[in-house]
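Enquirer: Just dropping this structure here.
We did not get these values from a lab; they are worked out from the coordinates using the rules stated. Model, not experiment: these values are computed from the prediction. Here the Cβ positions follow ideal geometry from the backbone for every residue, glycine too, while neighbour counts run over all protein chains shown.
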Amino acid sequence: MLELKNVTAGYGHFTALWDVSLRVDAGEAVAVVGPNGAGKTTLLRVISGLIAPRSGEIAFDGKGIGGRPAYEIVGRGIAHVPEGRRIFPALSVADNLKMGAFLPAARRRYAESLARVYALFPVLAERQKQRAGSLSGGEQQMLAIGRALMSRPRLILLDEPSMGLAPVMVLRLFDLIRRVREEGYTILVVEQNVRQVLKLVDRAYLLEVGRIKMEGRAEALSDQDFVRKAYVGL
């Protein structure tokens, strides 16, 4: 479904990714893990069109998307839930969700998409008239994911979904992401909570200083001694 080949990207004179190659197959959940500053957020931004790759190839369903504008990539079926949620705090929950369905194809199935989001996240239905900025951190993350689902994507990019959440909410959030996956979505998630995310995904890539250092099945990666000591805390 998604394939990156030797992608290099960065900001100005700074290079954040070096020759990164990875793939995500349809129906998979794949994680990219690693320390702060490894280039994980840059990786998602280059996939979703927020920054252009300097070199390499990015393909979705066999068609090149590298350097295409972000709105076009959303239209192709990729939705990005950014780090820090980036909801519209002054708008209501319902209006935030409406913003996610801005493309004509998504607008045509707005009611169906809204019902699906409310079924996944009932708290959003209960608070649909409430100002989004007044929600708890966990509820705001649900809203950010729900807004992404409103574009009717086939691939969802999640950037540090557990950041800033209380431990109890982190566990609940990962359960909710698992439910989203069970709805048939393909997921690529960037996450520092390695212990939890490796329980959620099929495969994982370890990114360090902008380069892929290791890849494999999630359970095999979690059994690696240095991964357990450095990232899982065991």
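Enquirer: Starting from 0 in steps of 5 Å, tell me what percent of the Cα-Cα pairs of the stretch 2-232 lands in each bin.
Expert: Result returned by the calculation: 1, 7, 15, 19, 20, 17, 12, 7, 2, 0, 0.
Enquirer: Only bridges whose two residues both fall in the stretch 2-232 count here: according to DSSP, what percent of them are antiparallel, nearest 5? Provide the component values of the computation, followed by the final result.
Expert: Values: 21 of 38 bridges.
Percentage antiparallel, nearest 5: 55.
Enquirer: Okay, moving on. Assuming a ≥ b ≥ c are the square roots of the Cα gyration tensor eigenvalues, decide whether the stretch 1-91 counts as rounded (a/c under 1.5), prolate (otherwise, with a/b larger than b/c) or oblate.
Expert: Numbers: a/c = 1.35, a/b = 1.10, b/c = 1.23.
Judged from the Cα gyration tensor, the stretch 1-91 comes out rounded (a/c under 1.5).
Enquirer: If you don't mind, there's one more thing I want to ask. Helix 137-149 sits at what angle to the longest principal axis of the chain, using alpha carbons and giving 0 to 90 degrees rounded to 10?
Expert: The angle comes out at about 90 degrees.
Enquirer: How many times 2.2 N^0.38 Å is the alpha carbon radius of gyration of the stretch 98-178?
Expert: On the way: Rg = 12.7 Å, N = 81, 2.2 N^0.38 = 11.7 Å.
After normalising by residue count via 2.2 N^0.38 Å, the value is 1.09.
Enquirer: So, counting K/R as plus one and D/E as minus one, what does the shell of residues with Cβ under 13 Å around residue 19 add up to? Please list the in-between numbers first.
Expert: On the way: positive: 5, 54, 211, 213; negative: 57.
Summing Lys/Arg as +1 and Asp/Glu as -1 gives +3.
Enquirer: Please report the base-10 log of the normalised intensity I(q)/I(0) for the stretch 133-226, using a Debye sum with one equal scatterer per alpha carbon and no solvent, at each q in 0.21 (1/Å).
Expert: Cα-only, vacuum Debye calculation for the stretch 133-226: -1.14.
Enquirer: Give the relative contact order (percent, whole number) for the chain; include only Cα pairs under 8 Å separated by 6+ residues. Don't jump to the answer; show the numbers that get you there.
Expert: On the way: 450 pairs, mean separation 63.2, N = 234.
Once normalised by length, the contact order is 27 percent.
Enquirer: On full extension of the chain, what length is gained from residue 90 through residue 5, given 0.36 nm per residue of separation minus the C-alpha to C-alpha distance?
Expert: On the way: separation 85, 0.36 × 85 = 30.60 nm, distance 4.02 nm.
That pair, residue 90 and residue 5, stretches by 26.6 nm at full extension.
Enquirer: Then there is this: If the label point is 7 Å along Cα→Cβ of residue 25, which residues in the stretch 165-179 have backbone nitrogen under 14 Å from it?
Expert: none
Enquirer: Using a basic spin-label model with each label point 7 Å from the Cα along Cα→Cβ, how many nm lie between residue 211 and residue 99?
Expert: Here the modelled spin labels are 3.9 nm apart.
Enquirer: Among 60, 121, 14, 102, what is the fewest-to-most ranking by other Cβ atoms within 10 Å?
Expert: Numbers: 60 20, 121 23, 14 8, 102 12.
Sorted ascending by nearby Cβ count, the order is 14, 102, 60, 121.
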